[in-house]
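Worksheet: the structure to be examined is printed underneath.
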Amino acid sequence: MSPTAAKPLDAQLQNLHLAAIHQHYRERAQAAAEDGWSYETYLATLIQEEVDRRIQRSEERRVGKEGRS
């Protein structure tokens with residue numbers, strides 16, 4: 001993806017608070033192109049990374065709250 005094309009996508013991902021997708025989509029797009037991933041595999045990989053990040057942050061917040069109790 002060209003830098004010009006990526007700018008609107010970067011802004012949209014930030015507006016939607018999809019930090020993990022924003023962080024990884026270029027790298028995963030490169031891997032998808034090199035390894036012949038389907039669109040669904042590429043998308044599922046990005047979404048799983050976002051889910052994993054949110055679960056991890058939720059756990060970190062939970063543990064932090066328990067430590068302050």
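When region 42-66 is limited to residues that are small (Gly, Ala, Ser) and surrounded by fewer than 12 Cβ atoms within 10 Å (Cβ to Cβ), the one that is farthest from the chain's Cα centre (by Cα) turns out to be 64. Close Cβ contacts (under 8 Å, 6 or more residues apart or on different chains) running from residues in region 47-69 that are without any contact (Cβ under 8 Å) to a residue 60 or more places away in the chain to residues that are among the aromatic types (Phe, Trp, Tyr) and surrounded by 10 or more Cβ atoms within 10 Å (Cβ to Cβ) are absent.
Restricting to region 1-41, name every residue that is among the aromatic types (Phe, Trp, Tyr) and open to solvent by 40 Å² or more (accessible area, probe 1.4 Å). Correct list: 37, 39.
The values are calculated or read from the model by the stated rules, or taken from the named source; none is laboratory data. Here the structure is a predicted model, which means the values were calculated and not measured. Using ideal geometry, Cβ is built from the backbone for each residue, glycine included, and neighbour counts are taken over all protein chains shown. What goes into the accessible areas is simple: the full protein's heavy atoms, side chains included, and nothing from ligands, DNA or RNA. Shrake-Rupley method; radii C 1.70, N 1.55, O 1.52, S 1.80 Å.
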